[in-house]
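Inspection log for the structure reproduced underneath, given as structure tokens.
Derivation of every value follows stated rules applied to the coordinates shown; laboratory data play no part. All of these numbers come straight from a predicted model, not from anything done at the bench. Cβ sites come from the backbone with ideal geometry, for glycine too, and all protein chains shown count toward neighbours.
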Amino acid sequence: MADKDKKQVGILYRIAGPVVVVRGLSARMYDVVRVGKERLMGEVIRIDGDDTVVQVYEDTTGITPGEPVENTGERLSVELGPGLLTSIYDGIQRPLPVLEEEMGNFILRGVDAPGLNHEKKWEFKPLKKKGESVKGGDFLGEVQETPTFLHKIMVPPHIEGKITEIKAGKYTIDESVCVVETATGSHKIAMLQKWPVRLSRPYAKKQAPSVPLLTGQRVFDIFFPLAKGGAAAIPGPFGAGKTVSQQQLAKWSDADIIVYVGCGERGNEMTEVLTEFPHLKDPRSGGPLMDRTVLIANTSNMPVAAREASVYTGVTIAEYFRDMGCHVAMMGDSTSRWAEAMREISSRLEEMPGEEGYPAYLATRLAEFYERAGMVVPLGTTKEGSVTVIGAVSPAGGDFSEPVTQNTLRVVKTFWALDAKLAQRRHFPSINWLTSYSLYMDGLEPWFAKHAAADWRALVSRMMTILQEEDKLLEIVQLVGSDSLPPKQQLTLEVARLIREFLLQQNAFHDIDTYCDLKKSYMLMKTVLLYADLASAALEQRARPQDVLSIKAKDRIGEAKFERDYETLLKEVQKSIESEIRALAR
Amino acid sequence: MTTNKEYKTIRKVAGPLVFVEKTEPVGYGTLVKVTLADGVVKSGQVLDTSDDIVVVQIFEGTSGISKDAKVKFLKENIKLPVSKDMLGRIFNGAGKPIDGGSPIVAKKNLDITGAAINPYSRASPSDFIQTGITTIDVMNTLVRGQKLPIFSGSGLPHNEIALQIARQAKVVGTTEKFVVVFAAMGITNEEAQYFMKDFEETGAIERSVVFLNLANDPAVERLVTPRMALTAAEYFAYEEDAHVLVILTDMTNYCESLREIGAAREEVPGRRGYPGYMYTDLAMLYERAGLIKGRKGSVTQIPILTMVGDDITHPIPDLTGYITEGQIVLSRELHRKNVFPPINVLPSLSRLANMGIGPEKTRDDHKNVSDQMYANYAEGVDLRGLVAIVGEEALSEKDRLLLNFAQLFEQKIVTQGRKEDRSIKRSLDVCWESLRSMPERMLTRVSPALKQKYYGGK
């Protein structure tokens, strides 16, 4: 026994930046170790004979060889339980406000802070009774975590047995609320669970995504829908409005929980998120949006190893809420910075580099990470839960052929191409409709047919065709001018303009236009296409093209975007379009 | 702990690195003194430490170091002595005074690595800094706590622009302390003379702290220079409540040194031979700009870098652009046309501009004017390409006006004197003078109320 204890401590042998070598430590891969006298947190990333290579989550300046390194025997884990929501963490789940209290405005090292508050007492209400049989994932009880969120307390995975004791009342997350008698003995269950971040949490069954994540943003919902449990990538070129798009998604998407990971981004930008999110109102409850949000902030100058860990911390928290039967949207901003952190650590390990210096396992890691998205049946409930991942990529020099973007596009099925040129033309949200795509269209078709309208997909396809055609025609127009086009093609250009201005463009800062439900989207589509059909018919009956193209009612479709009672308005507009065109035919 | 031993156990000297065998534990990143046979003392920093061998980078270069040089490990990190008296002084790249004055009596010795600001402790930047240069103030507004680099090319007048900003920068309407920290890395002696002369002639030196690392100074010292400058800046900002503007020139030289060290250590190179950790390394410098909740001072940065071959996708400008909040891009074409300052507004951007402008901060028409000029100038420049093919006669009246505006924009708005300090009001008025060359109805980005107020002229 004494011998075994001895092996848990090794001696620092070599230090070069965030990667250190330890001798005489018996450790498993990804064990968490405490480095040096200051007990800096680190993680084992390579074992080579007697040498153990550790990446350290804090600055290593001043650490000397010969200092002790202790193996905790645990893997890098997050604390899961009531108190997660409204929290602001760094990459390894240390709450930033607590760090500020303990070490001031700058992040110093050697300070440990648990992810959750261990003193606070929560009101626990049992959902199960003594004598009932439970298994991993079952809901034992619930806690009103924030005014809008009822936190389910679950049996930790891999525990199965009969409840011998369960009690209501106020408890801290460490106190036992329930005792389960299992085959191996009795287990005390507290509200706190720990889970290693690099391991995905178990579920009963994964399902094909078949329900859209509705965002209230027309360009996403209509043209490039994302499924709940799906994955999407957004490239974020300079000044294309990525931040506003992400905030709109956080605010309006029909996810129950938002996990936002700021990974290696700018400090001032993170501040914007950290200061604005707490002021954002949840349009559904009227309360603060933070009540269903977890923020993780690891800026570019914070330790690189913690940056590497931050996306795993985020996705593990997301999976935990998924297991309660919630729909979780996780945003990673930006996954390119995460990949760069991998590259940096890999080069410190002197690994053979792959493309552009990235490690050869880049594609595998990216795929593994995005695979943690998904629509699942959790262990303990029949209500489906999902994790939807929206990852931002920042291609170097705007070059999409670089490895991170390419490997990301291979695994995600929705691509929202933010375009700085559109932003400069004040087209918002500046999603390029020609380069974006969604492969969920087919899978979601039945859902839209059932919940929106039977001809939804047909309308969408038709509009996409018009937009594609416009792109081709515009090339000709640049050479010869629009007047020399045949009337039919002039009409196509006009209809495309209506689609761009009335459907694709949406004002995030307007009270009403900021959110658009499916019914409204559908009516807008219908009205635009009504004009297209009638105008086309009128042209065939030899109405004068300039008259057809300049009828007044069509421009009023746009007014409906800003109108609460859009139905009445659009019906009226449809009637005027009909009567105006009828008048021309005469 | 034992007292500092002296070793005579240098095993290998390679480029700027010295490999020393030792017996006592040596901390990573700590300071090292090397005494040569002729009594010359050099200093260095531990880059890699293990049980037996320590790798030291020597700031003054390794020339003259032999295997019997004496090595002493100092068990402390590199520190900069700071005090208020640093104002008006000139230091070398390693923080030693070179202006003939007395050494600084330290009020504090600060670790130059600096720590990351807790994102939760940061305050949002929102105060406008007037540089007196119209293209920056109106169209790429700089705010306190921002880092806004100048992307230049060799042979372009970025130094003049930097000096003009250093002289003129102020926060309008306050009497708060304003300090300029100027750090030059690898600039030529001639350039240094030019800087010093200008600083002294204009009196800007009195509110400045200058760090100079010249082209013939050791390359490794360049890695320390910006950290010294930022440490001094943080001292003035957070302990003396000053608003500090840090000008770092030329970051390209800094990155070259980084690459040199990487190569000497035989590291696996990343893109174009630069080390894989360059992003993090640059971030640790640039991210030291900012504002902290509850503290009065601020650190604003203007790093200057010359783009290799004018290539904006080169790793140095590319990684910089991903960390900084925008960029100001100089154009060789404008420079050839004799436009000063040759700032090309089209690829330039200030990501925080909207936080520093508006009725209370600058003027009510600021945003509209900026948008309008961007739109008109962009269209005007596009039309130049067309004119080259079809000739000016083929243009419509509207196109001709836009073409003319692009010309006016470069001649009247971008162009300004090297000593001309335009207030923001003056800058906006200059913009209106050119906007009036177009009929009112063509100014679609300006609201009718503002057009009524400003279009008519005074």
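For this structure, a couple of remarks:
- Per-residue shielding of A:334-344, expressed as the average number of other chain Cβ atoms within 10 Å of the residue Cβ, stands at 3.
- Burial ranking of peptide ranges A:192-200, A:121-129, A:137-145 (average Cβ count within 10 Å, highest at the top): A:137-145, A:192-200, A:121-129
- Rounded to 5, the percent of DSSP beta bridges in segment A:156-239 classed as antiparallel: 100 percent
- Peptide A:297-305 shows a mean partner chain C-beta count of 6 within 10 Å per residue C-beta.
- Within the protein assembly as shown, helix-based [θ] at 222 nm, where runs of 4 or more DSSP H residues each add -39,500 (n - 2.57), nearest 500: -9500 deg cm²/dmol
- Candidates per GluC sites (Glu not before Pro) in segment B:325-382, loop by DSSP, up to 13 other Cβ within 10 Å: B:GLU360
- Three-way shape label, segment A:129-236, alpha-carbon gyration tensor, a/c 1.5: prolate
- Globularity index of segment A:2-75, i.e. its alpha-carbon radius of gyration over 2.2 N^0.38 Å: 0.94
- Between 0 and 90°, nearest 10: helix A:267-276 axis offset from chain A longest Cα axis: 70 degrees
- Rounded to 5, the percent of DSSP beta bridges in the protein assembly as shown classed as antiparallel: 65 percent
- A simple packing score, the average count of other Cβ atoms within 10 Å per residue, orders the peptides B:13-21, A:222-230 as A:222-230, B:13-21, with the highest score first.
- Furthest towards positive pole of dipole, A:PHE106, A:ASN507, A:GLN546, structure part chain A, Cβ charges: A:GLN546
- Simple Cβ-charge dipole of the protein assembly as shown, Lys/Arg +1 and Asp/Glu -1, about Cα centre, in debye nearest 20: 1440 debye
- Take each peptide in A:557-569, B:161-173, count the other Cβ atoms within 10 Å of every residue, and average; sorted highest first, the result is B:161-173, A:557-569.
- Principal-axis analysis of the Cα atoms of chain A puts helix A:487-498 at an angle of about 40° to the longest axis.
- Against the main long axis of the alpha-carbon atoms of chain A, helix A:566-585 sits at an angle near 30°.
- Three-way shape call for the protein assembly as shown based on the alpha-carbon gyration tensor, with the a/c threshold at 1.5: oblate
- Of the chymotrypsin sites (Phe, Trp or Tyr not before Pro) found in segment A:473-519, those that fall in a DSSP loop while having at most 15 other beta-carbon atoms within 10 Å are A:PHE509.
- Ordering B:ASN253, B:ALA192, B:SER126 by the projection of their Cα atoms onto the charge dipole of chain B, which places +1 on the Cβ of Lys and Arg and -1 on the Cβ of Asp and Glu, puts B:SER126 at the extreme positive end.
- In segment B:80-355, the alpha-carbon atoms span a convex hull of 129 Å³ per residue.
- Nitroxide proxy distance, nm - points 7 Å out along Cα→Cβ at A:MET103 and B:SER396: 6.2 nm
- Percent of Cα pairs exceeding the 21 Å cut-off, where the set is segment A:460-586: 42 percent
- Principal axis dimensions, segment B:6-77 - Cα atoms, whole angstrom, descending: 28, 21, 20
- Per-residue Cβ neighbour rank within 10 angstrom, fewest leading, A:SER430, A:SER436, B:SER257: A:SER436, B:SER257, A:SER430
- Relative to its residue count, segment B:175-227 spans a Cα convex hull of 61 Å³ per residue.
- Expressed to the nearest 5 percent, the antiparallel share of DSSP beta bridges inside chain A is 70 percent.
- 5 angstrom amide H check on B:ILE304, placed H, neighbours 5+ away: B:ILE150, B:LEU248, B:THR249, B:MET251
- Peptide-level mean, for B:52-60, of C-beta atoms on other protein chains within 10 Å: 1
- Charge dipole magnitude, Cβ of K and R +1, D and E -1 - chain A, Cα centre, debye nearest 20: 1400 debye
- Here the convex hull built on the C-alpha positions of chain A has a volume of 162 cubic angstrom per residue.
- Cleavage-rule hits (GluC sites (Glu not before Pro)) in segment A:335-432: DSSP loop, at most 12 neighbouring Cβ within 10 angstrom: A:GLU350
- Here the dipole of segment A:274-369 is about 340 debye; that uses its Cα centre as origin and unit charges on the Cβ of Lys and Arg (positive) and Asp and Glu (negative).
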